[in-house]
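Asker: This is the structure I want to talk about, given as structure tokens.
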Amino acid sequence: QVQLVESGGGWVQAGGSLRLSCAASGRTSSSYYMSWFRQGLGKEREFVVAINWSGTIYYSDSVKGRFTISRDNGKNTMYLQMNSMKPEDTAVYYCAARELNIFTKSPSGYPYWGQGTQVTVSS
């Protein structure tokens, strides 16, 4: 089992920045891929970005160039630096982990989830 806890959400004006963290505990050595998803009010959960153990990264087109993912394997923590934020970035952000070394952007491919952290971007 892997436990994930997000932190760092909050409110920011458009154009501003926020940094999210996701701390993993438990069987972290099996968390090969770690990802961020988000879910806006009334919307489906969507893929944001993923990073694997060796640092391979996949970004969604909607955040490419604005968001940066990083991972500190020694601290079992993943980070999401969000810059040039837009109102459409408003959502609950979730970190997720999977044990397979195969990338997927489907939420159903991730068995482990954090509780989520709210991010609100005002115009």
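Asker: Which members of the stretch 47-61 meet the condition of being open to solvent by 50 Å² or more (accessible area, probe 1.4 Å) and outside any strand (DSSP E or B)? Walk me through how you get there before you give the answer.
Answerer: Taking the stretch 47-61 first, the residues open to solvent by 50 Å² or more (accessible area, probe 1.4 Å) are 53-54, 56-59, 61.
Trp53, Ser54, Thr56, Asp61 - these are the residues of the stretch 47-61 that are open to solvent by 50 Å² or more (accessible area, probe 1.4 Å) and outside any strand (DSSP E or B).
Asker: Out of the residues in the stretch 19-46 meeting the condition of being part of a strand (DSSP E or B) and more than 15 Å from Gly116 (Cα to Cα), tell me which one is least open to solvent (accessible area, probe 1.4 Å). Full working, then the answer.
Answerer: First, pick out the residues of the stretch 19-46 that are part of a strand (DSSP E or B): 19-26, 33-39, 46.
Going one step further and asking which of them are more than 15 Å from Gly116 (Cα to Cα), we end up with 25-26, 33.
Details: Ser25: 55, Gly26: 56, Tyr33: 9 Å².
Out of the qualifying residues, it is Tyr33.
Asker: Hey, another quick one. Can you find a residue that is modelled with pLDDT under 95 and within 17 Å of Pro107 (Cα to Cα) anywhere in the stretch 20-31?
Answerer: Checking the stretch 20-31: at least one residue is modelled with pLDDT under 95 and within 17 Å of Pro107 (Cα to Cα).
Asker: Please determine, by comparing only the residues of the stretch 72-93 that are touching a helix residue (DSSP H, G or I) at 6+ places or on another chain (Cβ under 9 Å) and within 11 Å of Met34 (Cβ to Cβ), which one is modelled with the lowest pLDDT. Walk me through it before giving the result.
Answerer: Step one: filter the stretch 72-93 for residues touching a helix residue (DSSP H, G or I) at 6+ places or on another chain (Cβ under 9 Å), giving 73, 76, 82.
Filter once more, so that each one left must be within 11 Å of Met34 (Cβ to Cβ): 73, 76.
Details: Asn73: 85, Asn76: 89.
Ranking the qualifying residues of the stretch 72-93, first place goes to Asn73.
Asker: For residues in the stretch 82-123 being among the aliphatic types (A, V, I, L, M) and buried (at least 16 other Cβ atoms within 10 Å of the Cβ), which is nearest to Val2 (Cα to Cα)? Before you say what the answer is, go through the steps one by one.
Answerer: Narrowing the stretch 82-123 to residues among the aliphatic types (A, V, I, L, M): 82, 85, 91-92, 96-97, 100, 102, 119, 121.
Filter once more, so that each one left must be buried (at least 16 other Cβ atoms within 10 Å of the Cβ): 82, 85, 91-92, 96-97, 119, 121.
Working: Met82: 25, Met85: 30, Ala91: 24, Val92: 20, Ala96: 10, Ala97: 8, Val119: 24, Val121: 30 Å.
Filtering the stretch 82-123 for residues that are among the aliphatic types (A, V, I, L, M) and buried (at least 16 other Cβ atoms within 10 Å of the Cβ), the one nearest to Val2 (Cα to Cα) comes out as Ala97.
Asker: Here is a follow-up. Scanning the stretch 63-80 for residues that are surrounded by 14 or more Cβ atoms within 10 Å (Cβ to Cβ) and farther than 11 Å from Ala23 by Cα, which turns out farthest from the chain's Cα centre (by Cα)?
Answerer: Within the stretch 63-80, the match that is farthest from the chain's Cα centre (by Cα) is Arg66.
Asker: Say we look at the stretch 32-71 and pick out the residues that are among the aromatic types (Phe, Trp, Tyr) and at pLDDT 95 or above; which of these is farthest from Thr120 (Cα to Cα)?
Answerer: Among those that are among the aromatic types (Phe, Trp, Tyr) and at pLDDT 95 or above, it is Tyr58.
The values are calculated or read from the model by the stated rules, or taken from the named source; none is laboratory data. Because the structure is predicted, anything quoted here is derived from the model rather than measured. Don't worry about glycine lacking a Cβ; one is built from the backbone with ideal geometry, like all the others, and counts go over all protein chains shown. Just so you know, the surface numbers come from the protein's heavy atoms only, side chains and all, with ligands and any DNA or RNA stripped out. Shrake-Rupley method; radii C 1.70, N 1.55, O 1.52, S 1.80 Å.
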